[in-house]
Amino acid sequence: MTDHDLLIIGAGISGLSMAHYAVGAGLNVLVLERERQPGGCLCSHRFGGALDGFWLELGAHSCFNSYGNLLAILERVGVLNRLQRRAKVGFRLFADGAVRSIPSQLCFPELLLAPFRLVGLKKAGRDVAEYYGRLVGPRNYAAVFEPAFDAVICQPATEFPAENLFRSRPRRKDVPRGFTLAGGLQTIADILAGQPDIPIEFGRTAREIGRAGEDFVVRTDRGEYAARALCLATPVAVAATLLRAEFPELAAALAQIQTATVESVGVALPADRLSLPPVAGLIGRNETFYSVVSRDTAPDPAHRGFTFHFRPGALGEEGKLNRIAQVLNVPRGAFGAGNVATRINRLPALRVGHGDWTDTVDRALAGSRLALTGNYFTGVAIEDCVTRSRQEFERLRREGW
Ligand SMILES: Cc1cc2nc3c(=O)[nH]c(=O)nc-3n(C[C@H](O)[C@H](O)[C@H](O)COP(=O)(O)OP(=O)(O)OC[C@H]3O[C@@H](n4cnc5c(N)ncnc54)[C@H](O)[C@@H]3O)c2cc1C
């Protein structure tokens, strides 16, 4: 019954990168994915009909030349030459019903003192509001930085640990600073899922994890799978539920991480119907949405696309389309079934003390053939996920598996 060295649950970037490392080491791997396509939060919606060929990002939108582990994988599979430089367009604020430049909202006298405030100011043990609020001053924090940070992590950033928000990493000079691929970041998932030695069974929802001696048994709604090692690469809440029966203490630890929900709505329109100048996106201040992410970073000659990442429960479906129409200054009738796409995104809401939490979880995993990867360890960025997969894969190897 034990057909596989490693079963991986979830074919987002965490699961796919884990599969890449394991297959590279000659292991017999199987990935089980609930959806019909890989990618998870790498979710580029590709339109059909009159918009055929046009895509927009319903989830992650930007990768950077500091994503060293991701880039190394893309290099190994031979697609580094397919990276597309993001066009140089900036972010604006959407505040008090109008699009505004970021500098117009800053209080420069308050900002000028930031280098002095930085002296002795530590990120460790501070949340985003404490650290950045002190650094940039309360007025700048409220007017610009708080909404900008909310937009970056698609959730209220105030209580997020400052050290998990941005991570300084070395940059590769031979790739564009910010990049995507033709077809969007979903293409990364498509490429990795298409590697010959990475079998993925789609439409398989893991329901339960059991043990058969030292081995793992995963029960899905379409049968059972067994393997010598198991990697959970699902959102944290799913991992907590799956571990409850066999690993109750670990499950209890994972259940401590709260989940932030984002209601994302993408719309595409002919470029000539829009008066908004090209933008990377809009940051919502006191708005129903955290951000609007634009396709202008990968410009298309005929169409433009915008994904509004709404705060959960702020508006109903009709209310969202009305708000989108107001912000883009187009009639509500401009949107119909053919040019609107939606997705519910979920992200972990990390809190101060998360480093200790990670240490506890890693201690519980040590010596076991169970691996946990995902966006709930060092941070939510794609590179954090790939780095975690690499660390977990190396741990399993070190421990002689
Ligand atoms: C709106 C948004 C914008 C973002 N923008 C950026 C960005 O620009 N740059 C950046 O670096 N990061 C960005 N991120 C963060 C980043 O995209 C995610 O943290 C990362 O992609 C998560 O990958 P993952 O594989 O850990 O989880 P997921 O992508 O959530 O994948 C988990 C997979 O597990 C599957 N699954 C779940 N339950 C089961 C089950 N029971 N059985 C089988 N399969 C299951 C899911 O279907 C999914 O495919 C963004 C995130 C969001 C939501």
ask   = Among the residues of the range 235-248, is any surrounded by fewer than 19 Cβ atoms within 10 Å (Cβ to Cβ), more than 11 Å from the ligand (Cβ to nearest atom) and among the aliphatic types (A, V, I, L, M)?
value = yes
query = Give me the pairs: first residue in the range 24-43 and without any contact (Cβ under 8 Å) to a residue 24 or more places away in the chain, second residue within 9 Å of the ligand (Cβ to nearest atom) and part of a loop (DSSP other than H, G, I, E, B), beta-carbon distance under 8 Å, and six or more apart or on different chains, which are they?
reply = none
ask   = Out of curiosity, is residue 210 away from the ligand (no atom under 12 Å from the Cβ) and of a type in the set (Gly, Ala, Ser)?
value = yes
note = The condition of being crowded, with 22+ Cβ neighbours inside 10 Å and within 14 Å of the ligand (Cβ to nearest atom) holds, among 190, 150, 221, only for 150
query = Here is a list of conditions, (1) in contact (Cβ under 8 Å) with a residue 60 or more places away in the chain; (2) outside any loop (DSSP other than H, G, I, E, B); (3) surrounded by fewer than 18 Cβ atoms within 10 Å (Cβ to Cβ), and residue 319 meets all of them except one; can you say which number that is?
reply = (1)
key: Residue count, the range 30-83 (criterion: small (Gly, Ala, Ser), within 22 Å of residue 383 (Cα to Cα) and more than 12 Å from the ligand (Cβ to nearest atom))   = 3
remark   = In the range 325-344, anything surrounded by fewer than 19 Cβ atoms within 10 Å (Cβ to Cβ) and under 24 Å from the mean Cα position of the chain (by Cα) is listed as 340, 342, 343, 344
task = Would you mind telling me which numbered condition in (1) touching a residue at least 60 places away in the same chain (Cβ under 8 Å); (2) in contact with a strand residue (DSSP E or B) (Cβ under 7 Å, 6 or more places away or on another chain) residue 126 fails?
result = (2)
key: Residue check for residue 215: acidic (Asp, Glu) and farther than 24 Å from residue 19 by Cα   = no
ask   = Hey, which of the helices (runs of 4 or more DSSP H) in the range 126-208, taking only ones fully inside, have at least 1 residues that are modelled with pLDDT under 95?
value = 128-136
ask   = If you go through the range 230-251 one residue at a time, do you hit one that is assigned to a strand (DSSP E or B), more than 30 Å from residue 321 (Cβ to Cβ) and touching a Lys or Arg at 6+ places or on another chain (Cβ under 8 Å)?
value = yes
query = When residues of the range 368-391 are filtered for being assigned to a helix (DSSP H, G or I) and within 12 Å of the ligand (Cβ to nearest atom), how many remain?
reply = 8
inquiry  = For the list (1) touching a residue at least 12 places away in the same chain (Cβ under 8 Å); (2) of a type in the set (Ser, Thr, Tyr); (3) loosely packed, with under 15 Cβ neighbours inside 10 Å, I need the number of the one condition that residue 131 fails.
reply    = (3)
note = Residue count, the range 252-266, condition touching a Lys or Arg at 6+ places or on another chain (Cβ under 6 Å) and assigned to a helix (DSSP H, G or I), comes to 0
query = If you take just the strands (runs of 3 or more DSSP E) that sit entirely in the range 21-102, which of them hold at least 2 residues that are on the phi > 0 side of the Ramachandran plot, at pLDDT below 95 and in the same structural domain as residue 270 (by TED's automatic domain parsing)?
reply = none
request  = Check residue 326 against each of (1) away from the ligand (no atom under 16 Å from the Cβ); (2) out of contact with any helix residue (DSSP H, G or I) (no Cβ under 7 Å at 6 or more places or on another chain); (3) under 27 Å from residue 160 (Cα atoms); (4) not assigned by TED's automatic domain parsing to the domain that holds residue 239 and name the one condition it does not meet.
outcome  = (3)
request  = Would you mention how many residues in the range 193-207 are more than 11 Å from the ligand (Cβ to nearest atom) and of a type in the set (A, V, I, L, M, F, W, C)?
outcome  = 1
ask   = Out of all the residues in the range 85-98, which are surrounded by fewer than 16 Cβ atoms within 10 Å (Cβ to Cβ) and either within 12 Å of residue 178 (Cβ to Cβ) or not charged (D, E, K, R) (or both)?
value = 85, 87, 88, 89, 90, 97, 98
ask   = Is it true that residue 15 is on the phi > 0 side of the Ramachandran plot and not in a strand (DSSP E or B)?
value = no
inquiry  = So in the range 294-312, with the set limited to residues that are free of Cβ contacts under 8 Å to residues at least 60 places away in the same chain and buried (at least 21 other Cβ atoms within 10 Å of the Cβ), which one is farthest from residue 178 (Cα to Cα)?
reply    = 310
Positions within the range 282-309 being within 12 Å of the ligand (Cβ to nearest atom) and in contact with a Gly (Cβ under 9 Å, 6 or more places away or on another chain), in sequence order = 290, 291, 292, 293, 297, 307, 308, 309
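The values are calculated or read from the model by the stated rules, or taken from the named source; none is laboratory data. Just so it is clear, the structure is predicted and the values come from calculations on it, not from any experiment. Here Cβ is always computed from backbone atoms with ideal geometry, including for glycine, and neighbour counts include all displayed protein chains.
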